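As structure tokens, the structure follows; a few thoughts come after it.
Please treat every number below as a calculation from the coordinates, not as lab data. All of these numbers come straight from a predicted model, not from anything done at the bench. Counting neighbours? That spans all protein chains shown, and the Cβs are built from the backbone with ideal geometry, glycine included.
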Amino acid sequence: MRKIILLAVLVMSSRLLFAQVEKGNLLIGGKIGFSSESNSEDDDYKLSRFVFKPNVGYFFMNKLAAGIRGSIESGKYYDDSYSDVLIGPFVRYYLLAAAMKTNILIDACYKFGSEKDGTSDSYGKNQFAISAGPAFFISRCFAIEMLLQYSTLKYSDFSDKYNKIAFVIGFQLFLAAKKEAAIKTAQ
């Protein structure tokens, strides 16, 4: 009896995981990273940082998702440390047919939050980013993304802007939000 129940639960959950970029599905994923840098002219300068950027979205129509993205970063430079937390909306669009194993996406987001440094000072900041690149679907419910990203960051109390171009690797999990969507996708 336990084996039958376990099999039934596995079948039901596999139908929920059999989803991709269709209307009504959920998008859960993000990016994670670590970097370290130094300066050849300044032996004391060292910067290391850890970044985690989770996101949750919903497909409002086929190939178009929108949702909330966060960013948690902590780092250390010289003998000081900092941490920041940002959150905001994102929108993304997949350019190719929904059933493609490789798809091209465009993603834009605006995040706001604050940074706290080792002296307990806190600074407001906001960031806009736009990304594009391929998503490789390892299965119908899991993709690895390789994106080229341009971002601009501004602190509330300062006039400078920091512009950055980066190569970003992320992952996404696609879940059918409704039972009907899972059944339709499985057919």
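Below are the figures for this structure:
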{"read-out": "Ordering of 125-132, 92-99 by packing [mean C-beta count within 10 Å, highest first]", "value": "125-132, 92-99"}
{"read-out": "Contour minus Cα-Cα distance for Phe128 and Ala177 (0.36 nm per residue)", "value": "14.8 nm"}
{"read-out": "Set of aspartates and glutamates near Lys161 by C-alpha distance (under 20 Å), chain-local residues within fewer than 8 positions excluded", "value": "Glu73, Asp84, Glu115, Asp117, Asp121"}
{"read-out": "18 Å reach of a label modelled at Lys46, 7 Å along Cα-to-Cβ, counting backbone N of the range 69-89", "value": "74-82"}
{"read-out": "Per-residue ³J(HN,Hα) for the range 126-131, Karplus 6.51 cos²θ - 1.76 cosθ + 1.60, θ = phi - 60°, Hz, x for Gly and Pro", "value": "9, 9, 10, 9, 10, 9"}
{"read-out": "Extended-chain gain in nm, criterion 0.36 nm per residue less alpha-carbon gap, Ile169 and Ser120", "value": "14.4 nm"}
